[in-house]
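See below for the structure under consideration.
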Amino acid sequence: VDAFAQLISSADPAMVIVTAALGDERAGCLIGFHAQSSIEPERYAVWLSKANHTFRVAQHATHLGVHFLAADQHDLAEHFGTRTGDEVDKFADVEHEDGVEGVPLLVACTNRFVARRTAMLDEGGDHVCVVCEPLVVEADGAFVPLRLGDVKDLQAGHRAEERHRPPTERSADRA
Ligand SMILES: Cc1cc2nc3c(=O)[nH]c(=O)nc-3n(C[C@H](O)[C@H](O)[C@H](O)COP(=O)(O)O)c2cc1C
């Protein structure tokens, strides 16, 4: 087994769904790359794949929604992790509400926050680091997270090496 893959699968990160909106265009995807990245000031970093619709919307959005999934929410993980907003509206059949700054929030996720983007780092890889300041945080008590090991059956809607042509499409005229 590849040593790096073994470390990551043993660490077994929790899965979250990141959402963003630009006008009436909503986006959201399942991610495993995310972490608190500063204590003071409070910061949270998420890494978005350049292949994803969510990345293209998030590039133009000032705020993101970060939703922590519980162990029994495999269905939501599948919905947001295996389909792409390039082809379907993932929010059409998922209950959601408007958070601050119009960020779409998933009603089924009661552990979540809306954050303001403070920085972005593209070091040339297939994911871009987006650093955020959590603004409105909701916690519904302790929960058992849905982990990477629980979603091994899912196949991502976009492979990390895919690139969109043109790079922005629907987002472009709203920038
Ligand atoms: C287990 C798993 C982990 C994933 N981790 C990430 C991640 O950390 N960052 C990311 O941008 N996409 C990640 N993805 C991929 C997206 O969730 C997936 O490609 C999604 O369909 C993209 O939707 P979109 O094009 O509507 O944004 C992951 C997918 C799976 C199944």
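Over the Cα atoms of the stretch 4-45, what radius of gyration and what Dmax do you get, in Å?
14.0, 41
Grab the alpha carbons of the chain, take their convex hull, and tell me the volume per residue in Å³.
In the chain, the Cα convex hull volume per residue is 128 Å³.
Considering the Cα positions of the stretch 74-148, please state its Rg to one decimal place and its Dmax as a whole number of Å.
14.4, 38
In the stretch 32-175, carbon and sulfur make up what percent of the accessible area (probe 1.4 Å)?
49
Can you list the DSSP H helices in the chain whose Cα atoms extend at least 18 Å along the helix axis and whose mean Kyte-Doolittle hydropathy is 0.0 or higher?
none
In a shell of Cβ-Cβ distance under 10 Å around Glu133, excluding Glu133 itself, what net charge do Lys and Arg (+1) and Asp and Glu (-1) give?
Computed value for this residue: +2.
What's the magnitude of the charge dipole for the stretch 1-94 around its Cα centre, counting Lys and Arg as +1 and Asp and Glu as -1 at the beta-carbon? Answer in Debye, nearest 20.
Using only the charged Cβ atoms, the result is roughly 300 debye.
What whole-number value in Å² describes the accessible area per residue of the stretch 1-118 for a 1.4 Å probe?
Per residue, the stretch 1-118 has 46 Å² of solvent-accessible surface.
Among 4-11, 15-22, how do they line up from the highest to the lowest mean number of other beta-carbon atoms within 10 Å?
Descending packing order for the listed peptides: 15-22, 4-11.
The values are calculated or read from the model by the stated rules, or taken from the named source; none is laboratory data. A quick note: this is a predicted structure, and the numbers were derived from the prediction, not measured. Quick reminder, even Gly has a Cβ in these numbers, built from the backbone with ideal geometry, and neighbours come from all protein chains shown. The area values use the complete protein model at the heavy-atom level, side chains included, leaving out ligands, DNA and RNA. Shrake-Rupley method; radii C 1.70, N 1.55, O 1.52, S 1.80 Å.
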